[in-house]
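K.L.:
Have a look at this one.
The values are calculated or read from the model by the stated rules, or taken from the named source; none is laboratory data. Owing to the predicted nature of the structure, the values given are computational and were not obtained by experimental measurement. We place every Cβ from the backbone using ideal geometry, glycine too, and count neighbours over all the protein chains shown. Surface areas here come from the heavy atoms of the whole protein model, side chains and all, with no ligands, DNA or RNA. Shrake-Rupley method; radii C 1.70, N 1.55, O 1.52, S 1.80 Å.
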Amino acid sequence: MAACEIVDLIGSTPLLDLTDLVEPGSARLYAKCEFMNPGLSLKDRIAIHILDTAEAQGQLTKGDTIVCASSGNTGCSFAMLGRIRGYRVTIVVPESCSQEKQIHIKSLGAKVIVADKDEYMSCGRDYARENNFFDVDQYNNSRNPDTYYKTLGPEIWRDTDGQITHFVTTGSTFGCISGVGRFLKEQNTKIRITLAEPECSNIYEHYYGKDVEKQDSKQSVKRTSSIEGSGKSSPTQCLDLSVIDEVRKVSDWDAVAMCHLVVKTKGLLVGGSSGLNLFAAKQVADSLGKENIVVTILCDSGVKYLSKLYNPIFLAEHDLPSL
Ligand SMILES: Cc1ncc(COP(=O)(O)O)c(C=O)c1O
């Protein structure tokens with residue numbers, strides 16, 4: 001019998017060939033299908049690793065409460081695992097978190113607290129501390145990048161037979177890019193790592209040493225993005241800048257247009273950060289010869305954003321491309 005358990009469905013996602021999105025004669029382009037995890041995003045990987053480690057170290061016992069500040073996906077993953085392993089779960093999300101993700105979390109029996117977008121991380125931390133609950137603290141938890149170092153990085157290396165030349169992905173906690181980047185660089189120092197960012201994020205300025213405050217006062221930098229799970233106003237403790245070779249900014253317009261192109265040409269609904277990743281990865285691939293292999297991440301499913309990125313009313317209200 002080849003049957004398995006729900007947690008066995010986490011990771012080992014397929015690598016999808018998207019080379020036909022790239023200019024003919026350029027690099028090959030592949031994407032890891034993280035939307036195929038049971039919680040429909042890459043975050044299942046860190047949730048099970050953090051939970052397993054906490055249980056092994058006696059930090060959690062059945063019936064305890066887990067608190068997690070999350071743009072939504074890590075919340076979905078912990079809500080799922082809370083059901084499976086018998087924990088209470090409270091997720092603190094920013095107002096921008098889609099209704100789909102909030103309903104996903106609540107349907108799994110977890111509590112959702114909605115906080116201001118600039119305060120939800122500290123709000124989660126305070127809530128956990130005041131109540132003596134287990135705080136996931138995914139933005140500063142070294143087990144987050146560790147997860148990708150141990151799972152996604154090796155999978156990408158194996159899936160490409162060690163031939164990957166470029167890795168492109170966005171960041172929010174920056175666990176994924178830092179863990180995958182570290183693993184890949186250890187295999188081959190020539191592999192180039194690109195962080196793709198929405199325009200409102202500040203890591204570009206941080207990386208290239210520009211003065212964020214002066215920038216903001218001089219030009220009207222867009223301070224919010226419709227792309228969830230992507231970008232930060234300042235680095236997190238999980239961010240390892242030493243593995244990053246380049247930072248690229250992508251507009252919401254280009255990210256969403258790419259999501260729509262994927263729907264039309266592949267019949268696949270992906271989330272906004274996947275569109276952002278693909279736009280930047282295609283730019284990188286278009287600039288390279290065909291001996292190169294570019295890999296990116298399809299971070300989550302588009303069904304988490306049906307009311308936003310695939311809703312004509314939302315698109316029109318936010319000056320985004322129509323479907
Ligand atoms: C949809 C989505 N894409 C990308 C990311 C970025 O992953 P990381 O937090 O590892 O930087 C996140 C994280 O919240 C996410 O939810």
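K.L.:
Tell me which of these I10 doesn't satisfy, since it passes every other one: (1) open to solvent by 40 Å² or more (accessible area, probe 1.4 Å); (2) not assigned by TED's automatic domain parsing to the domain that holds K106.
P.N.:
If we test I10 against (1) open to solvent by 40 Å² or more (accessible area, probe 1.4 Å); (2) not assigned by TED's automatic domain parsing to the domain that holds K106, just (1) comes out false.
K.L.:
Here's another thing I want to ask about it. Scan the stretch 50-72 and tell me whether some residue there is within 16 Å of the ligand (Cβ to nearest atom), under 30 Å from Q163 (Cα atoms), modelled with pLDDT of 95 or more and not aliphatic (A, V, I, L, M).
P.N.:
Within the stretch 50-72, not a single residue is within 16 Å of the ligand (Cβ to nearest atom), under 30 Å from Q163 (Cα atoms), modelled with pLDDT of 95 or more and not aliphatic (A, V, I, L, M).
K.L.:
Take residues that are outside the structural domain of I177 (by TED's automatic domain parsing), among the small types (G, A, S) and buried (at least 20 other Cβ atoms within 10 Å of the Cβ) and tell me which of the helices (runs of 4 or more DSSP H) falling wholly in the stretch 47-155 contain 2 or more.
P.N.:
Because the criterion is at least 2 residues that are outside the structural domain of I177 (by TED's automatic domain parsing), among the small types (G, A, S) and buried (at least 20 other Cβ atoms within 10 Å of the Cβ), the helices (runs of 4 or more DSSP H) in the stretch 47-155 that meet it are 73-85, 120-131.
K.L.:
Then there's this: Among the residues of the stretch 160-191, which ones are in a loop (DSSP other than H, G, I, E, B) and in contact with a Leu (Cβ under 7 Å, 6 or more places away or on another chain)?
P.N.:
Answer for the stretch 160-191, where residues must be in a loop (DSSP other than H, G, I, E, B) and in contact with a Leu (Cβ under 7 Å, 6 or more places away or on another chain): I164, G171, F174, I191.
K.L.:
Consider the stretch 262-296. How many of its residues are of a type in the set (G, A, S) and surrounded by fewer than 24 Cβ atoms within 10 Å (Cβ to Cβ)?
P.N.:
3
K.L.:
Would you point out the residue of the stretch 37-46, among those that are within 10 Å of D300 (Cβ to Cβ) and among the aliphatic types (A, V, I, L, M), that is surrounded by the most Cβ atoms within 10 Å (Cβ to Cβ)?
P.N.:
It comes out as L42.
K.L.:
In the stretch 238-295, which residues are of a type in the set (S, T, N, Q) and more than 17 Å from C33 (Cβ to Cβ)?
P.N.:
Hits for the stretch 238-295 are S242, S251, Q283, S287, N292.
K.L.:
If you check every pair at least six apart or on different chains, which have Cβ atoms under 6 Å apart with a residue in the stretch 71-92 that is closer than 13 Å to F133 by Cα first and a residue that is near the ligand (Cβ under 9 Å from one of its atoms) and of a type in the set (K, R) second?
P.N.:
none
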